[in-house]
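Take a look at the structure set out below.
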Amino acid sequence: MTFRATVLTLYPEMFPGPLGVSLSGKALEAGTWALDVHNIRDHGSGAHRAVDDTPAGGGPGMVLKADVLAAAVDAALPPGDRRPRLLMSPRGRPLTQAAVRDLAGGDGALIVCGRFEGVDERVIEARGLEEVSIGDYVLSGGELAAMVLLDACVRLLPGVMGHAQSGAEESFEGGLLEYPHYTRPQIFEDRSIPDVLMSGHHGRIAQWRRDQAETLTRERRPDLIDKADKTVMKERKD
Ligand code: SAM
């Protein structure tokens, strides 16, 4: 089944945006994945199609209304649709490569792009929206976050990446960051490509890459090493 992304946004003109070029754009054109974009404002109320209102209890900003978003979700989902329903949100579960891989292995997702101060909590509960964050910072809307999530998923779909290996060896796939890359010329501003990479010895090259990946991860992301260690320890216990 084709991976289908159904995006709910107040700014449909932002899509496909960067998803319409390069790998994801070619895959979209080829029908490897499909993108439906729905304007939440089509379900707004009154002559001005209002989608937001002031926060109950006071405070700054506006809140995306529950009834409006619920109507938009219901209209966008075909009966019996079982795809995950995601709400891009800085409060959400952090997006990881493992979660991306899971999602890319399914039929796609409904993705709600928030705006304003956020979304009425009741529609999150009532429509079973799962909050997903792309990082510990605040964007002005969920559209760029949805694009990040979709780009990460689409490149993993079968046939999208040229070389089957390029997915498997990347950062995070083995719990580590990726090793350094080099290409011609052999000498650039007095810096040479490491000899081992020119040796043609596949075993030594693989070992060097593993060592580099581990050193780099220890230096830059010790939290990943901790997680990898715990997984290995748990696997040993089991
Ligand atoms: N008041 C909210 C808070 O403090 O959590 C931030 C709202 S933000 C200005 C508006 C919308 O941008 C959010 O509803 C969400 O859809 C999106 N957004 C912002 N940062 C995000 C992030 N790190 N990951 C995913 N979505 C994000």
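The values are calculated or read from the model by the stated rules, or taken from the named source; none is laboratory data. As the structure is a computational prediction, the values presented were derived from the model and not from experiment. Using ideal geometry, Cβ is built from the backbone for each residue, glycine included, and neighbour counts are taken over all protein chains shown. Areas reflect the complete protein model, heavy atoms only, side chains present, ligands, DNA and RNA absent. Shrake-Rupley method; radii C 1.70, N 1.55, O 1.52, S 1.80 Å.
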Problem - Residue check, ALA99 free of Cβ contacts under 8 Å to residues at least 60 places away in the same chain, among the aliphatic types (A, V, I, L, M) and loosely packed, with under 13 Cβ neighbours inside 10 Å - result: no
Practice task
Determine if region 172-179 includes at least one residue that is within 18 Å of the chain's Cα centre (by Cα) and either open to solvent by 90 Å² or more (accessible area, probe 1.4 Å) or in contact (Cβ under 8 Å) with a residue 60 or more places away in the chain (or both).
Solution key: yes
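Find the residue count for region 110-151, including only residues that are on the phi < 0 side of the Ramachandran plot and more than 13 Å from the ligand (Cβ to nearest atom). Break it down into steps so the answer makes sense when it comes.
Residues of region 110-151 that are on the phi < 0 side of the Ramachandran plot, as a first pass: 110-115, 117, 119-127, 129-134, 136-151.
Retained after the next criterion (residues that are more than 13 Å from the ligand (Cβ to nearest atom)): 110, 122, 125-127, 151.
So the answer is 6.
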Problem - Condition broken by ILE124, with the remaining ones in (1) over 21 Å from THR32 (Cα atoms); (2) open to solvent by 20 Å² or more (accessible area, probe 1.4 Å) satisfied - result: (2)
Problem - Members of region 151-175 that are at pLDDT 95 or above and closer than 21 Å to ARG220 by Cβ - result: ALA152
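Among the residues of region 69-78, is any at pLDDT below 95 and under 16 Å from THR6 (Cα atoms)? Before you say what the answer is, go through the steps one by one.
Start the filter on region 69-78 by keeping residues that are at pLDDT below 95, which leaves 78.
Remaining after also requiring under 16 Å from THR6 (Cα atoms): 78.
There is at least one residue in region 69-78 that is at pLDDT below 95 and under 16 Å from THR6 (Cα atoms).
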